[in-house]
Each structure stands twice: as C-alpha cells, then as structure tokens.
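A.B. asks: This is the structure I have questions about; it appears just below.
The values are calculated or read from the model by the stated rules, or taken from the named source; none is laboratory data. Quick caveat, the model's predicted, so the values are computed rather than measured. Here the Cβ is made from the backbone with ideal geometry for all residues, glycine too, and neighbour counts use every protein chain on show.
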Amino acid sequence: MTASPWTRAVAIVTGASGGIGEELAVQLAAAGARVAIAARRANELERVAARCQEAGAVGVLVVPCDVTDRTQCEKLVAHTVTTFGRLDVLVNNAGQGFWGRADEVRDYTVFERMLRTNYLSVVWMTLAALPHLKATDGRILSVGSLSGKLGVPMRSAYAASKHAMTGFLDTLRIEVAASGVSVTTIHPGFVTTGSQARNLGPDGRPLGAMPVVPRSAISAAECARILLEAGGARRRDVYPTFAARLSQWLRLVAPGRVDRMVSGAIHGKR
C-alpha cells in the first residue's frame, strides 16, 4: 500500500478558521501531517485545532494571522519552521469574496481589498515559504476559482484578483520546476463554505447573505479532498466538476456560449 504523501509532512493552511481551509486542515491532520493553521479569527482556529486533534493530528500549531500583512505572513512561516523544523506544504486558501455589478460599486477600495487578500497574500506567503519548500521538494497548493479563468458577472473585483493569483502561480510553476517544488491550483465554481455571507457588496460592506447558490456547488469537504489528492500527485490544475472542465474547452471554440452559460448560472437561468 502506497504511503500518504502527507504522513509526517509539515503544512501551513491559511484561511483555516472555516470552510475549505478548515476541511483542508482536518484532512491533512487525519492523514498524518503536522499542521499550522492560520486565520484572523483566533477563537475559530481553536475550534478547528480541536477537530484536527480528534482526527488524530500529530501536531497542530495555531497562529492568528492577517495574511494581508506581509510581515505577518513572514512571521507565520518562520514560526512554523521554528516549531516543526521544516516546511513541506503551503496551502494558500485565505480569500475574500465580492458580489455586485462593477458599475454599481460605490466603494472603490473593494478592488484593493480583493487584491490584497486573494492575490498579494499568496505572493507574500509563497515567497516567504519558497526557500524552505525548495529544501524539502515541497508542494504549493492553492485554492483558486473558476472566476480566475473566466469572466463572471457580479464578481468583477473577485475575478480580477483570482486572475492575478492564477497568473502568478502559473509563472512560478515554470520558474521553480527544476527545484523540485510543485504548484497545484484548484479552480472550483461555487463551493458551499458558509462564508458567502461575508462577501463584500458594492458599498464595501459584507452582504450578510448570498444572493444565489447554484445547484452545481460542491461541498467544502469535497473541494479539500480533490485538492489534496491532486497535490499529493503533484498535478498542476484541477477542475473539480464536469461543467468547470467543459468551460475551459468550450471557451476556446465558443467563448460567447460560455458567457451565456456563466450568466445563466449566476442569474438563475437553467
């Protein structure tokens, strides 16, 4: 029987206080990894740490951290390496959502906030972790979005930041190929994370509720499982649903049809 690539591995998971990040942390712990979990909500991190322990974790490090702050990202990596002695896996999961038409935005800082959370945090975490990952032939796993590959109505600020993230990781993959470090990114459509109510609206404030959850949405646990399976095999891009995979082929031959499909999914037209 093939051993799990996560057994005794040391992993950092950002955005681990709920949703996909929580499931990633618990599944890594259950597979035998030592996990540093990071997010801003310290009380929720403690809850997730307890779940990791129940799953059989051999080591859990709780690190309250705001990944929009480069210094805090660097300290998170340093603290993890000091505690566990190495770093094998970086999971870039922390993110912030947005919902609203671009021409209805009244608080333009939402675009900057999206970039800092969804793109710059990935840059800062990755560059801080990279020297340690090179030493262990490590893995970079990241939660992207289908919005980072397509134009999606109502998600302009979010989609732009995820496009930036994807471009950075695609370029990095080529640059570090000879070092032994692999870069795996999952590109899901909608995921039922429970965090959608915190999506920012055009006024820059949390919406408090999600206007639409398409029936094609997958669970956070399933998204985490698929990413870890792909990361363990050092695959590069993962599209977890048939519709997501189809969109990537179809946009090459019929981009207008993809626009209509995406618009229909967002606006509830089947």
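A.B. asks: Identify, please: which residue in region 192-209 is under 19 Å from the mean Cα position of the chain (by Cα) and among the hydrophobic types (A, V, I, L, M, F, W, C) and is, among those, modelled with the highest pLDDT?
C.D. replies: We begin by selecting, within region 192-209, every residue under 19 Å from the mean Cα position of the chain (by Cα); these are 192-200.
From what is left, the residues that are among the hydrophobic types (A, V, I, L, M, F, W, C) are 197, 200.
Values: Ala197: 68, Leu200: 87.
The qualifying residue modelled with the highest pLDDT is Leu200.
A.B. asks: Here are some residues: Tyr108, Tyr158. Which one is surrounded by 24 or more Cβ atoms within 10 Å (Cβ to Cβ) and either among the aromatic types (Phe, Trp, Tyr) or at positive phi (or both)? Walk me through how you get there before you give the answer.
C.D. replies: Values: Tyr108 fails: surrounded by 24 or more Cβ atoms within 10 Å (Cβ to Cβ).
Only one candidate passes the filter, namely Tyr158.
A.B. asks: Kindly list, by first and then second residue, each pair from a residue in region 76-90 that is within 20 Å of Ser4 (Cα to Cα) and in a helix (DSSP H, G or I) to a residue that is of a type in the set (Lys, Arg) and at pLDDT 95 or above, limited to pairs with Cβ atoms under 8 Å and residues at least 6 apart or on different chains.
C.D. replies: Qualifying pairs under 8 Å: Phe84/Arg34.
A.B. asks: Within region 29-51, restricting attention to residues that are within 12 Å of Ala11 (Cα to Cα) and touching a Cys at 6+ places or on another chain (Cβ under 8 Å), which residue is surrounded by the fewest Cβ atoms within 10 Å (Cβ to Cβ)? Reasoning before the result, please.
C.D. replies: Step one: list which residues in region 29-51 are within 12 Å of Ala11 (Cα to Cα), which gives 29, 31-38.
Now drop any that are not touching a Cys at 6+ places or on another chain (Cβ under 8 Å), which leaves 29, 35, 37-38.
Values: Ala29: 27, Val35: 32, Ile37: 32, Ala38: 30.
Ranking the candidates gives Ala29 first.
A.B. asks: Let me ask something else. Does region 125-138 hold any residues that are within 14 Å of the chain's Cα centre (by Cα) and not aliphatic (A, V, I, L, M), and which are they?
C.D. replies: The first filter runs over region 125-138 and keeps only residues within 14 Å of the chain's Cα centre (by Cα), leaving 125-126.
Listed by number, the list holds a single entry, Thr126.
A.B. asks: Does Gly189 qualify as being surrounded by 17 or more Cβ atoms within 10 Å (Cβ to Cβ), within 14 Å of the chain's Cα centre (by Cα), modelled with pLDDT of 95 or more and not charged (D, E, K, R)?
C.D. replies: Values: surrounded by 17 or more Cβ atoms within 10 Å (Cβ to Cβ): yes; within 14 Å of the chain's Cα centre (by Cα): yes; modelled with pLDDT of 95 or more: no; not charged (D, E, K, R): yes.
It is false that Gly189 is surrounded by 17 or more Cβ atoms within 10 Å (Cβ to Cβ), within 14 Å of the chain's Cα centre (by Cα), modelled with pLDDT of 95 or more and not charged (D, E, K, R).
A.B. asks: Which residue pairs have Cβ atoms closer than 8 Å, lie 6 or more positions apart in sequence or on different chains, and pair a first residue in region 226-242 that is among the polar types (S, T, N, Q) with a second residue that is surrounded by fewer than 19 Cβ atoms within 10 Å (Cβ to Cβ) and assigned to a loop (DSSP other than H, G, I, E, B)?
C.D. replies: Matching pairs, first to second residue: Thr241/Ser216.
A.B. asks: In addition: Of the conditions (1) closer than 24 Å to Val191 by Cβ; (2) surrounded by fewer than 23 Cβ atoms within 10 Å (Cβ to Cβ), Ala16 fails just one. Which one is it?
C.D. replies: Every condition holds for Ala16 apart from (2).
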